Amino acid sequence: MRRLCLRQNPRAKLMPSLQDIQSALMHDIYTGERTSAKYLADNMAGNPDRLDIYFNNNLLILTDFLATVYPVVVQLVGAEFFKTICRHYIPVHPQPSGDLQKCGADMSAFLATFEPAQKHPYLSDIAKLEWAYYQATTAADATPVSFDVLTHLAGSGQDFALTLHPSAQLLTFEYNAADIWHAHQNLTVETELELKVIAHSLLVARNGAHEVIFKHLSEHEVLFLSACKAGAQFTEAMNNVANAVQNDVQMATFQQDFAALVAADVLTQVQ
Amino acid sequence: MTSNPLYSGLEKSGLEKSGIGLRAPHVDELIAQRSPVGFLEAHSENYFGGGKNRAQIREIAEMYPVTLHGVGLSLGRADGLDQDHLRQIATLAKEIDPLFVSEHLTWSGYSHSHVPDLLPIPFTNESLDVFAQHVNDFQDAVGRQILVENPSNYLAFADLDYSETDFLNALVEKTGCGLLLDINNIAVSANNLGYNPEDYIDNIRTDAVKQFHLAGYEVKPQPDGTNIYLDTHGLPVYPEVWKLYKRALKRFGDTPTLIEWDTDIPALNVLEAEAAKADVIRREAEAENGHAPFVPASKPESQTHA
């Protein structure tokens with residue numbers, strides 16, 4: 001009787017999978033280790049020292065990119081310390097997608113706990129504002145709701161919902177971050193600035209002229225915008241404000257603020 | 001020898017003049033006054049969002065022939081394409097109707113980590129299957145043929161089934177994609193990996209090359225006495241690369257050509273001058289090779305993959 005002999009291709013057994021190679025190389029690029037060296041050619045083109053080219057490129061390109069997203073943080077801490085921040089940030093917060101513009105989202109949270117930066121307690125707030133600014137410039141387009149459309153909707157007898165434009169972000173700060181940011185936009189003018197601990201809400205958004213605006217928000221605007229963001233119908237969002245105001249003056253102020261929000265193109269209609 | 005057969009008989013669109021990469025410092029100037037360059041190549045990912053960037057690429061596309069060149073889709077990744085990334089390129093392509101849509105013979109993302117770089121793939125049968133599937137997915141998403149560009153490599157893997165040129169030729173066979181031949185990358189990789197750049201050109205099939213890239217590299221001496229060529233796109237095109245370019249023109253015929261410049265970006269007129277230099281070489285090559293006048297494509301014909 002002929003025996004069945006199972007033969008394995010010895011080369012196939014040794015061949016790593018594409019996933020093995022990519023997992024190891026990606027690990028090495030973010031850590032500087034050389035776990036992928038075993039997959040490289042055994043000639044000069046497989047010299048493991050060349051892994052450093054990819055490691056250095058990654059660090060350099062991501063650091064340069066983060067410096068463009070966080071220019072005021074760079075001004076506040078200096079270019080060298082910013083590089084130190086990036087050397088620690090990048091390995092734990094790798095670029096999350098093939099779209100480089102998504103890289104850096106966690107900088108504010110990182111700076112809040114990064115020990116060497118604790119002598120600048122406001123840095124986390126500045127990073128939060130700069131990330132919001134960057135997101136506002138690159139967010140998707142959407143048609144803002146106009147006064148004419150609002151008038152039409154209000155007169156239709158049916159309820160409707162508004163939400164924030166994709167560029168609009170509702171944020172809270174502990175320090176006067178917008179003041180610090182503005183003071184660093186024109187360094188040829190010397191500005192005296194007092195650091196203030198002042199909890200407040202700010203809307204960061206892109207207007208119809210592609211300009212990023214910062215708008216300090218009253219508690220009633222926050223109430224209204226939060227309701228819109230959560231999916232409330234327009235009537236419910238307005239009722240939230242109506243129940244919170246204490247007199248006609250406050251209501252009149254809110255109505256002016258609401259008109260300013262519409263004029264700034266920060267609201268869209270939920271279709 | 002005739003002109004690049006892929007372009008013969010197609011409607012004239014200006015691609016007989018070489019193009020340049022669209023870079024942020026030049027955008028306002030390019031909109032304010034029509035540059036003499038033949039076309040502009042935009043990095044797809046730079047225009048994923050809305051706002052001023054998106055408005056400007058629409059304006060640019062009204063004024064110039066535009067190509068879309070991706071750097072982040074990671075066609076060679078082992079764990080599947082990012083469908084959102086793919087959708088964004090397809091939406092952008094539909095909006096600005098580019099002449100070509102291209103990407104690289106590389107990968108740049110695995111699991112939840114990505115790099116702003118173009119990483120080498122091992123030229124194995126498994127890689128070819130993965131890459132071909134992703135090229136097919138890409139072509140389906142954009143509804144047209146895509147071009148795949150040869151990268152600059154600094155490393156080579158062990159246990160390969162193909163050379164890079166054989167891999168590219170097989171990819172064309174499996175998917176019907178076109179090729180974007182980066183002449184600078186050939187010079188860079190040939191030096192770094194130790195092969196003959198002229199052989200590389202001679203081994204690429206002639207029926208798929210639809211565009212050339214030209215750029216400058218930098219030479220970085222290594223501790224072991226060797227030199228690594230770094231694909232920095234920060235200098236004029238090297239004489240060695242112009243020489244290879246002439247060889248490529250002879251093999252593939254007159255082909256749309258683009259000057260890339262990404263670091264230490266100079267004034268627009270410097271790039272225009274490099275593009276004009278490429279044009280002179282193209283016309284000389286036509287004269288030497290007895291080519292018929294170049295008749296470029298208004299748009300490459302869409303091809304369905306096998």
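The values are calculated or read from the model by the stated rules, or taken from the named source; none is laboratory data. Please read all numbers here as calculations on a predicted model, not as lab measurements. Virtual Cβ from ideal backbone geometry, glycine too; neighbours counted across all protein chains shown.
Only one entry of A:A232, A:A168, A:A227, A:A199 meets the criterion of being more than 22 Å from A:V245 (Cα to Cα) and among the aliphatic types (A, V, I, L, M), and that entry is A:A168. Across the stretch A:120-152, the number of residues qualifying as more than 12 Å from chain B (Cβ to nearest Cβ), within 27 Å of A:A109 (Cα to Cα) and not in a helix (DSSP H, G or I) comes to 3.
Output the number of the condition that A:L261 fails; it satisfies all remaining conditions of (1) surrounded by fewer than 18 Cβ atoms within 10 Å (Cβ to Cβ); (2) not in a loop (DSSP other than H, G, I, E, B). In the conditions (1) surrounded by fewer than 18 Cβ atoms within 10 Å (Cβ to Cβ); (2) not in a loop (DSSP other than H, G, I, E, B), A:L261 misses (1) alone. Within the stretch A:14-59, the set of residues being more than 9 Å from every other protein chain (Cβ to nearest Cβ), crowded, with 17+ Cβ neighbours inside 10 Å and touching a residue at least 24 places away in the same chain (Cβ under 8 Å) comprises A:D28, A:F55, A:L59. Within the set A:R11, A:R2, the sole residue that is outside the structural domain of A:H88 (by TED's automatic domain parsing), over 29 Å from A:Y89 (Cβ atoms), in a helix (DSSP H, G or I) and modelled with pLDDT under 95 turns out to be A:R11. Quick one: in the stretch A:100-119, which of the residues that are outside any helix (DSSP H, G or I) and either farther than 30 Å from B:F48 by Cα or of a type in the set (F, W, Y) (or both) is nearest to the other protein chains (Cβ to nearest Cβ)? Across the stretch A:100-119, the extreme among qualifying residues is A:F114. Filtering the stretch B:215-235 for residues that are under 22 Å from A:Y39 (Cα atoms), at pLDDT 95 or above and touching a His at 6+ places or on another chain (Cβ under 7 Å) leaves an empty set. Within the bounds of the stretch A:55-71, is there any residue that is hydrophobic (A, V, I, L, M, F, W, C), on the phi < 0 side of the Ramachandran plot and in contact with a Lys or Arg (Cβ under 9 Å, 6 or more places away or on another chain)? Yes, the stretch A:55-71 contains at least one residue that is hydrophobic (A, V, I, L, M, F, W, C), on the phi < 0 side of the Ramachandran plot and in contact with a Lys or Arg (Cβ under 9 Å, 6 or more places away or on another chain).
With respect to B:Q83, determine if the residue is more than 9 Å from every other protein chain (Cβ to nearest Cβ) and farther than 19 Å from A:D99 by Cβ.
Against the criterion (more than 9 Å from every other protein chain (Cβ to nearest Cβ) and farther than 19 Å from A:D99 by Cβ), B:Q83 does not qualify.
Within the stretch A:226-247, not a single residue is surrounded by fewer than 19 Cβ atoms within 10 Å (Cβ to Cβ), under 22 Å from the mean Cα position of the chain (by Cα), part of a helix (DSSP H, G or I) and hydrophobic (A, V, I, L, M, F, W, C). Kindly evaluate B:L92 against the criterion of being at pLDDT 95 or above and within 12 Å of chain A (Cβ to nearest Cβ). Considered against the rule, which asks whether it is at pLDDT 95 or above and within 12 Å of chain A (Cβ to nearest Cβ), B:L92 comes out as yes. Would you tally the residues in the stretch B:52-93 being over 15 Å from the mean Cα position of the chain (by Cα) and either part of a helix (DSSP H, G or I) or at positive phi (or both)? Qualifying residue count, the stretch B:52-93: 24.
Scanning the stretch B:120-138 for residues that are in contact (Cβ under 8 Å) with a residue 60 or more places away in the chain and either away from every other protein chain (no Cβ under 14 Å) or not in a helix (DSSP H, G or I) (or both) returns B:V135, B:N136. Looking across the stretch A:105-146, the residues that are polar (S, T, N, Q) and surrounded by 20 or more Cβ atoms within 10 Å (Cβ to Cβ) come down to A:S108, A:S124, A:Q135, A:T138. For the stretch B:95-119, a tally of residues being in contact with a helix residue (DSSP H, G or I) (Cβ under 6 Å, 6 or more places away or on another chain) and more than 7 Å from chain A (Cβ to nearest Cβ) returns 2. Restricting the first member to the stretch A:85-109 and to residues that are more than 17 Å from B:H85 (Cα to Cα), and the second to residues that are basic (K, R) and in a helix (DSSP H, G or I), the beta-carbon pairs closer than 9 Å and six or more apart or on different chains are A:M107/A:K128; A:S108/A:K128; A:A109/A:K128. Checked against the criterion of being in contact (Cβ under 8 Å) with a residue 60 or more places away in the chain and out of contact with any Gly (no Cβ under 8 Å at 6 or more places or on another chain), the candidates A:D159, A:D265, A:D257 yield just one match: A:D159. Of the helices (runs of 4 or more DSSP H) that lie entirely inside the stretch B:139-211, those containing 1 or more residues that are closer than 14 Å to B:I121 by Cα span B:164-175, B:183-193.
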